[in-house]
1. Does ASP211 meet the test of being in contact (Cβ under 8 Å) with a residue 12 or more places away in the chain, touching a Lys or Arg at 6+ places or on another chain (Cβ under 8 Å) and part of a helix (DSSP H, G or I)?
2. Scan region 301-310 and tell me whether some residue there is within 24 Å of ASP26 (Cβ to Cβ) and either open to solvent by less than 10 Å² (accessible area, probe 1.4 Å) or aliphatic (A, V, I, L, M) (or both).
3. Filter region 160-194 down to residues that are assigned to a loop (DSSP other than H, G, I, E, B), over 15 Å from VAL143 (Cβ atoms) and not hydroxyl-bearing (Ser, Thr, Tyr), then give me how many there are.
4. Please find, within region 136-159, the residue that is nearest to LEU70 (Cα to Cα) out of those that are open to solvent by 10 Å² or more (accessible area, probe 1.4 Å) and assigned to a helix (DSSP H, G or I).
5. Filter region 286-300 for residues that are without any contact (Cβ under 8 Å) to a residue 40 or more places away in the chain and farther than 12 Å from VAL348 by Cβ; which is surrounded by the most Cβ atoms within 10 Å (Cβ to Cβ)?
6. So which of SER97, SER125, SER130 is farther than 21 Å from CYS167 by Cα, at pLDDT below 95 and of a type in the set (Gly, Ala, Ser)?
7. Can you work out which of the residues in region 382-394 that are of a type in the set (A, V, I, L, M, F, W, C) and either modelled with pLDDT under 95 or in a loop (DSSP other than H, G, I, E, B) (or both) is nearest to LEU248 (Cα to Cα)?
8. Only one residue in VAL24, VAL36, VAL5 is open to solvent by less than 20 Å² (accessible area, probe 1.4 Å) and farther than 30 Å from GLY366 by Cα, so which one is that?
Amino acid sequence: MTKTVDHWIGGKSVEGASGAYGPVTDPATGAVTTRVAFASVEEVDAAVAAAKDAYATWGTSSLAKRTTILFKFRALLDAHRDEIAALITAEHGKVHSDALGEVARGLEIVELACGITTQLKGELSTEVASRVDVSSIRQSLGVVAGITPFNFPAMVPMWMFPIAIACGNTFVLKPSEKDPSAAMKLAELLAEAGLPDGVFNVVHGDKVAVDRLLEHPDVKAVSFVGSTPIARYIHTTAAANHKRVQALGGAKNHMLVLPDADLDAAADAAVSAAYGSAGERCMAISAVVAVGAVGDELVAKIRERAEKIKIGPGNDPASEMGPLITAVHRDKVASYVKGAADQGCEVVLDGTGHTVEGYEDGHWIGLSLLDRVPVTADAYKDEIFGPVLCVLRVDTYEEGVALINASPFGNGTAIFTRDGGAARRFQLEIEAGMVGVNVPIPVPVGYHSFGGWKDSLFGDHHIYGNDGTHFYTRGKVVTTRWPDPSEAPAGVDLGFPRNH
C-alpha cells in the first residue's frame, strides 16, 4: 500500500483534509511510492494559527532555552543522518554520499544557530548627552515561512528554520511536494528535542499553499529558494503583502580557466561541479569558459573523466550519479542536448539515451558535454538543472569576464589559475555573489552568508550567516534618560551630594 505523507501542525502529524494529493516517485524505478497531502487554504491557516499561538511564549523565551533545544536537535540530527539521507535518496534519487553531504551542510547551520547568543547581542552608547544612553537591540518578527526546493529537501530548510527559531520566531515550512519525507523527519526530531508544539510546522502542497502563505496577514517574512521566475513572483507577491522577503533564484554558474591553470585539477573540478547531484543544484558549474589555447586539452580531459562516471540507483554504493527527479524534468534536460547541434554547439558527449539495466523505467540521463557553445544557444542561456556542461571559448581574460558579467544570473562563479594577481582582479571585477578561486563550488560555510546577485536574488538579505540573523530579526533603538538620585524631590535624601 502506498504510504501517505501528511502535514505537521501544532507538534503532531495531521491528516490532510483537502482530499487533494500528489504523487511521490522513486526516481530510480519510476514507481509511485508515496502520496503527499496538499493543503487547502484552511489547513495553511491552521498551521499559521498554531505558529502564532506558539509565538506568544516562544518569542519571549530565554536564549538559554532555545539553544538548549537546538543542541539536543543537533545531536538527534547527527544520530539520524543516515536515515534522513536514505529518505532523500528514495525520493530525490541522489546517491547516498551526496545525501549525507546535504545533511552535513544543514547540520552546519544548526550548529550556527546553537551559538546564536553572540549574534543577538545589542549595542550601548553611554552619555550621548548628559545622563542619556542609547542602546540597540534586535527582536524577533513573529511567524515566518520557508518555501523550499526539491533538490535539497533537508539542507535548504535547515538554512532557514534553525536561525529563525533561535532568534525567537515560529516557523511554517512548505517543502517541495516532490520529496516531502525529509521535512517530516526533521519535524519529528525537533519535537523529540523538546521544541514546543507549534514552533515548527510543515504544510505540503502546490500553488494554493504557497499563495496563502504569501498573503496571510500573520506571516511576517518569507524565505524562498528555487527558480528565478518563481523567486521573482514570490518577492513581488510577498512584498505587495507587506512582508520581508529573501528569494533566491536560479543560476548559470561559470568557471573561467586561464592558460596557466592546472588543467587536470580544472577538469576534475568541472566534472565534479557540473555532474555532481546530477547537476540538480543551483551552484552547479554549467558553463566552462576556456581562455586561449587550453580549450581542446581541457575538453579532452573533461570527456575522459565524464565517460568513467558510474550512473545507477542512489542506494547502490557503486553509483556516482543517480537519476533525475522526474521523467518530465529528464525529458526537458534532454531537449537541450538534442537541439544543441542545430544551434551551433559541438556535441562531444550525448547522454540522452542512457538507461540502467534492471531499472529501465527510472528517470535516467547520462552526462552530456557541449563544446564551442555560442551565447545564443538555449543550452547556454537557460538554467538546465541537469548533467549538461557547456564549454565556451574566448581569447582573453577580459573577454571571459565580459562574457560572464553579461549573464543575467550572478549566483556563483570560479576561476582556475596559478596567478594570484589575476585571481585578485577576478574576485573584484566579477558580478556574482559567491566567487571561488581554484574552488569550483564556492558555497560559503555557515558563518558566512549564501546568496547571489542580479536575477539570482530578489530581496536585500542573503541566507544564513549574519544576513540570516538580520533577516529574522528587526532592530530597535532605545534612548534613555534617568535623573540622577541627587535630583530627588526635597525631603528625600539618598546620600548623594547636591553639588551641581
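The values are calculated or read from the model by the stated rules, or taken from the named source; none is laboratory data. Keep in mind the model is a prediction, meaning the values are calculated, not measured. Every residue, glycine as well, gets a Cβ built from its backbone with ideal geometry; the counts of neighbours run over all protein chains shown. With ligands, DNA and RNA removed, areas are computed over all heavy atoms of the protein, side chains included. Shrake-Rupley method; radii C 1.70, N 1.55, O 1.52, S 1.80 Å.
1. Spelling it out, it is not the case that ASP211 is in contact (Cβ under 8 Å) with a residue 12 or more places away in the chain, touching a Lys or Arg at 6+ places or on another chain (Cβ under 8 Å) and part of a helix (DSSP H, G or I).
2. yes
3. Residues that pass the stated criteria total 7.
4. TRP159
5. VAL294
6. SER130
7. In this case the residue turns out to be PHE385.
8. Working: VAL24 fails: farther than 30 Å from GLY366 by Cα; VAL36 fails: farther than 30 Å from GLY366 by Cα.
The match here is VAL5.
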